[in-house]
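Engineer: Here it is, the structure, as structure tokens.
The values are calculated or read from the model by the stated rules, or taken from the named source; none is laboratory data. What you see is a predicted model, and the numbers here were worked out from it, not measured in a lab. Here Cβ is always computed from backbone atoms with ideal geometry, including for glycine, and neighbour counts include all displayed protein chains. What goes into the accessible areas is simple: the full protein's heavy atoms, side chains included, and nothing from ligands, DNA or RNA. Shrake-Rupley method; radii C 1.70, N 1.55, O 1.52, S 1.80 Å.
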Amino acid sequence: MISDQGPDSASERAGGADKGTKRLIDRLREEIRSRHYSLRTEKAYWYWIRYFILFHGKRHPAQMGAAEVTAFLSWLATERNVAAATQNQALSALLFLYKHVLGQALPWLDDLVRAQRPVRLPTVLTEAEVRRLLGTMEGSLRLMAALLYGSGLRQAECLTLRVKDIDFAYRQIIVREGKGARDRATMLPENLVQPLQAHLGKVRALHQRERKEGFGEVWLPHALARKYPRAGREWAWQFVFPSARRSEDPRSGVVRRHHLHPDTLGGAVKRAAAAAGIVRPVSCHTLRHSFATHLLERGCDIRTVQELLGHSDVSTTMVYTHVMNKGARAVRSPLDRLEQARTLPCS
């Protein structure tokens with residue numbers, strides 16, 4: 001398996017000092033950035049394109065086509081046993097390469113061996129388990145975990161929250177460009193209002209100190225930085241959960257304070273689950289699953305839950321009905337009835 005490296009080092013491995021390969025990655029970056037894809041997507045796409053090139057002996061993608069794409073993706077499914085989502089990501093990267101970078105339309109891949117996507121129920125914590133998990137956390141990490149559970153946010157949505165997106169007056173959070181590039185509004189728990197305001201007070205003090213030091217600018221999406229040159233230094237646009245240190249923007253080279261790294265929050269949630277004695281695998285998304293399930297258990301309308309979660313289709317939300325009072329939990333085992341009959345007193 002090829003190690004996951006950045007696009008620059010990848011170009012050296014995929015094509016050595018070949019100028020054609022370097023031009024390929026530059027063209028890929030141009031097409032991706034013109035469509036405002038995230039840096040994460042850019043790295044993932046180049047990773048799979050580089051993997052594809054090496055798989056076929058460093059041949060240039062322009063010299064290959066549907067047969068080579070089919071062979072590579074089928075190999076991932078049959079030999080590497082990758083998950084369906086992994087194979088789909090590789091397919092998306094290659095389709096983007098051929099359609100938008102090379103200008104070639106690939107015919108329908110009839111011979112492609114698809115990895116089967118397993119149907120799995122989400123892991124859901126009980127209310128007592130959530131209470132124990134949050135009880136082992138403190139500071140801003142606890143506040144973030146509480147937002148995941150209390151507002152149903154995805155991990156990335158919580159990390160990229162900006163000050164202007166929290167509406168204390170209406171007790172709501174506006175999620176900007178969530179999954180599918182859709183905005184939505186979700187609830188702001190009453191119990192988090194005071195802790196969140198206190199947290200923002202500390203973040204504002206940090207921002208004011210940074211501005212005095214000549215920094216204090218935050219990354220802005222799309223072309224907002226050109227349209228509003230001073231907006232990046234304004235308080236409203238600052239991240240609610242900033243990183244502990246400044247870092248260089250990999251695209252522009254500007255030194256800024258970005259939001260907290262995903263691994264920081266994800267690791268904290270896993271450690272908290274272990275400390276709370278929860279033996280099931282727990283991630284940030286588990287708290288979102290628990291948010292939806294507990295709302296449905298308390299009688300909340302499924303359409304409302306769908307809107308709060310930002311699901312485009314209610315069928316996605318329906319999965320939570322299978323982990324509350326449906327299926328195995330709604331049926332009594334025949335063994336229990338058998339044992340009950342044995343313990344009944346004789347008349």
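Here's the yes/no breakdown for (1) open to solvent by 90 Å² or more (accessible area, probe 1.4 Å); (2) within 25 Å of Asp167 (Cβ to Cβ); (3) in contact with a helix residue (DSSP H, G or I) (Cβ under 9 Å, 6 or more places away or on another chain):
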position: Ala205; (1), (2), (3): no, yes, no
position: Val218; (1), (2), (3): no, yes, yes
position: Phe241; (1), (2), (3): no, yes, yes
position: Val255; (1), (2), (3): no, no, no
position: His261; (1), (2), (3): yes, no, yes
position: Ala272; (1), (2), (3): no, no, yes
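Engineer: Related question: Mind checking which pairs have a first residue in the stretch 99-122 that is at negative phi and of a type in the set (A, V, I, L, M) and a second that is modelled with pLDDT of 85 or more and surrounded by fewer than 11 Cβ atoms within 10 Å (Cβ to Cβ), Cβ under 6 Å, 6 or more apart or different chains?
Structural biologist: Sorted first by the residue in the stretch 99-122, then by its partner, the list stays empty.
Engineer: Also, I was wondering about something else. Looking at (1) among the charged types (D, E, K, R); (2) farther than 15 Å from Glu157 by Cβ; (3) open to solvent by less than 10 Å² (accessible area, probe 1.4 Å), find the lone condition where Arg288 falls short.
Structural biologist: Checking Arg288 against (1) among the charged types (D, E, K, R); (2) farther than 15 Å from Glu157 by Cβ; (3) open to solvent by less than 10 Å² (accessible area, probe 1.4 Å), the one that fails is (2).
Engineer: Now, a different point. Quick one: is Val175 under 17 Å from Leu287 (Cβ atoms), touching a residue at least 60 places away in the same chain (Cβ under 8 Å), in contact with a Cys (Cβ under 7 Å, 6 or more places away or on another chain) and open to solvent by less than 30 Å² (accessible area, probe 1.4 Å)? Write out each step before concluding.
Structural biologist: Numbers: under 17 Å from Leu287 (Cβ atoms): yes; touching a residue at least 60 places away in the same chain (Cβ under 8 Å): yes; in contact with a Cys (Cβ under 7 Å, 6 or more places away or on another chain): no; open to solvent by less than 30 Å² (accessible area, probe 1.4 Å): yes.
No.
Engineer: Of (1) touching a helix residue (DSSP H, G or I) at 6+ places or on another chain (Cβ under 8 Å); (2) under 30 Å from Glu30 (Cα atoms); (3) without any contact (Cβ under 8 Å) to a residue 60 or more places away in the chain, Asp183 satisfies all except one. Which?
Structural biologist: That leaves (1) as the condition not met.
Engineer: For Gly150, only one of the following conditions fails: (1) part of a loop (DSSP other than H, G, I, E, B); (2) touching a Leu at 6+ places or on another chain (Cβ under 9 Å). What is its number?
Structural biologist: Exception for Gly150: condition (1).
Engineer: Restricting attention to the stretch 178-203, which residues are more than 26 Å from the chain's Cα centre (by Cα) and open to solvent by 90 Å² or more (accessible area, probe 1.4 Å)?
Structural biologist: Here is the first cut: in the stretch 178-203, the ones more than 26 Å from the chain's Cα centre (by Cα) are 194, 198, 201-202.
Within the stretch 178-203, Gln194, Lys202 meet the criteria.
Engineer: Return the total of residues in the stretch 24-33 being open to solvent by less than 70 Å² (accessible area, probe 1.4 Å) and either out of contact with any Phe, Trp or Tyr (no Cβ under 9 Å at 6 or more places or on another chain) or more than 21 Å from Leu224 (Cα to Cα) (or both). Write out each step before concluding.
Structural biologist: Quick first cut of the stretch 24-33, residues open to solvent by less than 70 Å² (accessible area, probe 1.4 Å) only: 24-25, 28-29, 31-32.
Right, trim to either out of contact with any Phe, Trp or Tyr (no Cβ under 9 Å at 6 or more places or on another chain) or more than 21 Å from Leu224 (Cα to Cα) (or both) and you get 24-25, 28.
Summing the residues that are open to solvent by less than 70 Å² (accessible area, probe 1.4 Å) and either out of contact with any Phe, Trp or Tyr (no Cβ under 9 Å at 6 or more places or on another chain) or more than 21 Å from Leu224 (Cα to Cα) (or both) in the stretch 24-33 gives 3.
Engineer: Name the residue that is most open to solvent (accessible area, probe 1.4 Å), counting only residues in the stretch 229-239 that are part of a loop (DSSP other than H, G, I, E, B) and without any contact (Cβ under 8 Å) to a residue 60 or more places away in the chain. Spell out how you get there, then give the answer.
Structural biologist: So the first thing to find is which residues in the stretch 229-239 are part of a loop (DSSP other than H, G, I, E, B), and the list is 229-230, 234, 238.
Then drop every residue that is not without any contact (Cβ under 8 Å) to a residue 60 or more places away in the chain, which leaves 229-230, 234.
Details: Pro229: 103, Arg230: 199, Glu234: 91 Å².
Among those that are part of a loop (DSSP other than H, G, I, E, B) and without any contact (Cβ under 8 Å) to a residue 60 or more places away in the chain, it is Arg230.
Engineer: Follow-up question, since we're still on this one. Please count how many residues of the stretch 48-86 are in contact with an Asp or Glu (Cβ under 7 Å, 6 or more places away or on another chain) and under 17 Å from His100 (Cα atoms). Walk me through how you get there before you give the answer.
Structural biologist: Kept after step one, since they are in contact with an Asp or Glu (Cβ under 7 Å, 6 or more places away or on another chain), are these residues of the stretch 48-86: 56, 70.
This time we only want the ones that are under 17 Å from His100 (Cα atoms), so: none.
Of the residues in that region, 0 qualify.
Engineer: Still on this structure, I have one more. Given the conditions (1) outside any loop (DSSP other than H, G, I, E, B); (2) more than 18 Å from Tyr149 (Cβ to Cβ), and given that His289 satisfies all but one, which numbered condition is not satisfied?
Structural biologist: So His289 meets the others, but not (2).
Engineer: Being surrounded by 17 or more Cβ atoms within 10 Å (Cβ to Cβ) and either modelled with pLDDT of 90 or more or closer than 20 Å to Tyr37 by Cβ (or both) is the filter here, so list the residues in the stretch 56-67 that pass it. Please lay out each step first, then the result.
Structural biologist: So in the stretch 56-67, the residues surrounded by 17 or more Cβ atoms within 10 Å (Cβ to Cβ) come out as 61, 64, 66.
Scanning the stretch 56-67 gives Pro61, Met64.
Engineer: A further question on this structure: Being charged (D, E, K, R) and modelled with pLDDT under 90 is the filter here, so list the residues in the stretch 31-47 that pass it. Give the derivation first.
Structural biologist: Narrowing the stretch 31-47 to residues charged (D, E, K, R): 31, 33, 35, 40, 42-43.
Arg33, Arg35, Arg40, listed by residue number.
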